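*Asks:* First the structure, then my questions, so here it is.
The values are calculated or read from the model by the stated rules, or taken from the named source; none is laboratory data. Everything numeric in this text was worked out from a predicted model, so none of it was measured. Because the Cβ atoms are built from the backbone with ideal geometry, glycine has one as well, and the counts that use them run over all protein chains shown.
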Amino acid sequence: MNESCSLAQKECVPCKGGVPPLGGEPLRQLQRQLGGGWQVVNEHHLEKDFKFADFRQALDFTNRVGELAEDQGHHPDIYLSWGKVAITIWTHKIDGLTESDFVLAAKIDQLPRGA
């Protein structure tokens, strides 16, 4: 099993605050495990764009991401447009990244993208 799959097997853990956001080498290690085109921006949030053939496929994927987010209790920012879904993830409570952000990203990568 690759490392991204390993992240996807975990569950998001609610952040109660009072912990520092990830940075430096621990952050880079999780990014390497994730792969798949996710970008760490300013050691603050994760971003990835997903491309689709049309609006319907993008909308269907957006709904799958929404269901996953509800299931995990961890909610990304989602931007939907024709043929594109942009996802931004971070832990709002600490205004930075935690392992759960990477877990959610790995789970999103495993969602079906086709019709």
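*Asks:* Given (1) polar (S, T, N, Q); (2) at pLDDT 90 or above; (3) surrounded by 13 or more Cβ atoms within 10 Å (Cβ to Cβ), identify the lone condition not met by residue 42.
*Replies:* (3)
*Asks:* Kindly evaluate residue 68 against the criterion of being buried (at least 20 other Cβ atoms within 10 Å of the Cβ), under 22 Å from residue 6 (Cβ atoms) and of a type in the set (A, V, I, L, M).
*Replies:* No: the conditions fail for residue 68.
Quick grid of which residues meet (1) touching a His at 6+ places or on another chain (Cβ under 9 Å); (2) modelled with pLDDT of 95 or more:
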site	(1), (2)
67	no, yes
73	no, no
90	yes, no
101	yes, no
112	no, no
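*Asks:* OK, next. Would you mind telling me which numbered condition in (1) surrounded by fewer than 13 Cβ atoms within 10 Å (Cβ to Cβ); (2) at pLDDT 95 or above residue 24 fails?
*Replies:* Condition (2) is where residue 24 drops out.
*Asks:* Taking into account only those residues within the stretch 23-66 that are over 18 Å from residue 84 (Cα atoms) and acidic (Asp, Glu), which is farthest from the chain's Cα centre (by Cα)?
*Replies:* Looking at residues that are over 18 Å from residue 84 (Cα atoms) and acidic (Asp, Glu), I get 25.
*Asks:* Report those strands (runs of 3 or more DSSP E) wholly inside the stretch 30-115 carrying at least 3 residues which are in contact (Cβ under 8 Å) with a residue 12 or more places away in the chain.
*Replies:* 45-51, 77-81, 84-89
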